[in-house]
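The values are calculated or read from the model by the stated rules, or taken from the named source; none is laboratory data. Keep in mind the model is a prediction, meaning the values are calculated, not measured. Every residue, glycine among them, receives a Cβ derived from its backbone with ideal geometry; neighbour counts consider all protein chains shown.
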């Protein structure tokens, strides 16, 4: 009996028992399907061993793709090019709106155009290490291998990457790497890559191979005879509940940062599609692995609706500091050098202001917790360009960061050329997601998860410029092979929408909408979401403790109970109703938030973005526990009762775990 | 179009005149709302969030408006504010417009994009799917996944790449159409034609692309361009009318050369 279940029926006081090797015993439910042999040959081997669908037979298969961001659009386009019959769904008015569009910095690829020692192996190595040894080596190596094809494909599509004077592609550096391997299109790399994938998909729409369904939100996955065979969606304009059948379903539905209410994600980003799939049998892996980005514009008031990221590149020239004394309210220009604490330079002399994201974020929180934060709220630190302007001149700084300074000025009405910027960490990306095997298939056969929606490639911390790479790798170069293998191997029976499974799922979706509108309580959806975000940020944010996590589990459960009793949802279900859509998403966050806290509670170590205050070195750094926690934690839905935990042990054959040090 | 700046931090009270329309079938009307205690640091959409909370609390139905990233890149948001698409700040989407651009006591008129090709769905939300159909008519380079040569196989002059990027920066918000007295989609369509025309990869399909995208633009019911320049003035990404000239040249060239 290897399927370990954690402390049933004691929700708030979950205790983890572990005793030596028993800890990491693999769950029989989790077959990673990783091929054998040297890591560098596994993908080629797998591709050769996979079954193929004859070109003439591909059009007989229907594939549903939910989401049209980088992963979804690239998968839809590529599968349609191959001849599959694709149905693409998005809740936006247009597929071009997905949040991939907001990625600024760039996309990594092991091209070694810079001739500076990069290679597929080095990108693989950096990513496994950057993920703090909690990612699956085989997946990461494949990611590094196909990274080079992604750049070629995007250039051919007309993505206007930055060029050098000779006309060749330009590169820059990003955190966690010592080579220049990041390709970029000004500060709008995500936008240009998404438009490339979107245009490729719209070409297939023109040809009739992709049928586009906009303003549709997925509310359920329909499982027939143990396999994913369709989805239930709500037409957001008419309110109609629709049933769609397919031979396989791809979820490319992004991450769940908005469980924190305030994050850098777009307002509509949500966990609903992934969560509904989870409730139908897809295991959720490492939900507590979230990335908190250190350089965001701080919160300015209660009305604040979202946070805005300022590029990591600013830390190349900006110096981070706070006053030495708590409660020092002088203007920054009035605080002399000897009264300033450049805390990153002090604590990490080797890397200084360029320590990785997780380390920089925690250090900023620590000084604010000591009462040394600046600004009206005391929840921000200075990012000061004074020295850089003196050394290099204002023109040089303007040339390097002009657009970012402009954006900062626009939002805050402060001039960062004259006084230091104020920044604070914000939730930015989620490494956890639906558990998938090497084929990107979830624990429901026929249901695949791509991009940020899956858990597989970034471990406990994602490196900058790797999210775009992973979304496109999954969509352009992985799923076209693995999906074919699934369709060629499985015998799928003929189904109709008259089947009980479809009818029941559609009925349940409708009843839930009706229920939300019928409560007519006194508290708005916005208030519930904000309250949930507060609980999550305080207890499941940058610093986590056993006590805080237990409290969060109880508080989230209580808030959920209140939601279903006292939420006030305005409008009706027969017309466009963004407020109702929000209510439905918040209802799922209220279930998901508890699982996140539970996962963080059970993982009694600190790694990457997961920092448990009980587990740190004497110097305050993250203390990993590879003996007990070098595994993927995959949670199974248990009808609202304490969820069973399944483990996939992680073997590091190539990159041997070591303590990350930036001192 | 000059940006006014309210330097103080004092909260403001504003009167809003908002277009309310239940759905595409029903008639709409302007409705008056009070926005009280508005902080100058709020974004315009955050101000609407607060007004909506009040409406919900008093039993009404919140004002529907489109938004998502709230950092000016997704192209979802778009409102006519006092007759100007995206409001008074230049080069700014409405989600990045802040209330410090308004004064205490101001009346603010908020309407949806107005164009035959952008029918109203509800309140301030319109259907912009015509833009997607223009792109699918030819706004792409026909390359299947896997066909691409090495990324450095085709050198592209830095300037060409920069110029292409200027055009490619379009976010598809529709402000150009909304501000144009002809409701022309020339700026949107031409930005994509220019982006792909300025790169060598776009050359093989150059003629056909121009013909097909222009034909689709007309079919959707957008008006013609009469060089008013309103589109350029309100474009949040400051995309220039030079794109329209380029589109016209491309279109004529395709017609004259008799290429399909």
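Out of curiosity, is residue A:395 free of Cβ contacts under 8 Å to residues at least 40 places away in the same chain and within 29 Å of residue A:265 (Cβ to Cβ)?
Considered against the rule, which asks whether it is free of Cβ contacts under 8 Å to residues at least 40 places away in the same chain and within 29 Å of residue A:265 (Cβ to Cβ), residue A:395 comes out as no.
Restricting to the range A:622-639, name every residue that is part of a loop (DSSP other than H, G, I, E, B) and in contact with a helix residue (DSSP H, G or I) (Cβ under 8 Å, 6 or more places away or on another chain).
Of everything in the range A:622-639, those that are part of a loop (DSSP other than H, G, I, E, B) and in contact with a helix residue (DSSP H, G or I) (Cβ under 8 Å, 6 or more places away or on another chain) turn out to be A:630, A:637.
Could you say whether any residue in the range A:174-183 is part of a strand (DSSP E or B), within 14 Å of chain B (Cβ to nearest Cβ), over 20 Å from the mean Cα position of the chain (by Cα) and within 21 Å of residue A:458 (Cβ to Cβ)?
yes
List the number of the failed condition for residue A:47; all other conditions in (1) assigned to a strand (DSSP E or B); (2) surrounded by fewer than 21 Cβ atoms within 10 Å (Cβ to Cβ) hold.
Condition (1) is where residue A:47 drops out.
Tell me the residue from B:100, B:70 that is facing chain A (nearest Cβ under 10 Å), at positive phi and in contact (Cβ under 8 Å) with a residue 12 or more places away in the chain, please.
Within the list B:100, B:70, the selection yields B:70.
When the residues of the range A:201-210 are narrowed to those that are under 16 Å from residue B:172 (Cβ atoms) and buried (at least 24 other Cβ atoms within 10 Å of the Cβ), which ends up nearest to the other protein chains (Cβ to nearest Cβ)?
A:202
Conditions tested, residue by residue: (1) on the phi < 0 side of the Ramachandran plot; (2) within 17 Å of the chain's Cα centre (by Cα); (3) within 14 Å of chain B (Cβ to nearest Cβ); (4) at pLDDT below 95.
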position	(1), (2), (3), (4)
A:272	yes, yes, no, no
A:293	yes, yes, yes, yes
A:308	yes, yes, yes, yes
A:317	yes, no, no, yes
A:325	yes, no, no, no
A:339	yes, no, no, no
A:350	yes, no, no, yes
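Kindly evaluate residue A:561 against the criterion of being touching a strand residue (DSSP E or B) at 6+ places or on another chain (Cβ under 8 Å) and either surrounded by fewer than 18 Cβ atoms within 10 Å (Cβ to Cβ) or part of a helix (DSSP H, G or I) (or both).
no
Out of B:154, B:141, report the one residue that is out of contact with any strand residue (DSSP E or B) (no Cβ under 9 Å at 6 or more places or on another chain), at pLDDT 95 or above and either assigned to a loop (DSSP other than H, G, I, E, B) or over 13 Å from residue B:235 (Cβ atoms) (or both).
The unique qualifying residue is B:141.
Please go through the range B:183-203 and give me each residue that is in a helix (DSSP H, G or I), farther than 25 Å from residue B:112 by Cβ and either in contact (Cβ under 8 Å) with a residue 24 or more places away in the chain or more than 12 Å from every other protein chain (Cβ to nearest Cβ) (or both), ordered by number.
B:193, B:194, B:195, B:196, B:197, B:200, B:201, B:202
Considering B:111, B:66, which residue is buried (at least 23 other Cβ atoms within 10 Å of the Cβ), touching a strand residue (DSSP E or B) at 6+ places or on another chain (Cβ under 8 Å) and not assigned by TED's automatic domain parsing to the domain that holds residue B:234?
B:66
Go through the range B:157-182 and give me each residue that's part of a loop (DSSP other than H, G, I, E, B) and in contact with a strand residue (DSSP E or B) (Cβ under 9 Å, 6 or more places away or on another chain).
Result: B:157, B:173, B:174, B:180, B:181, B:182.
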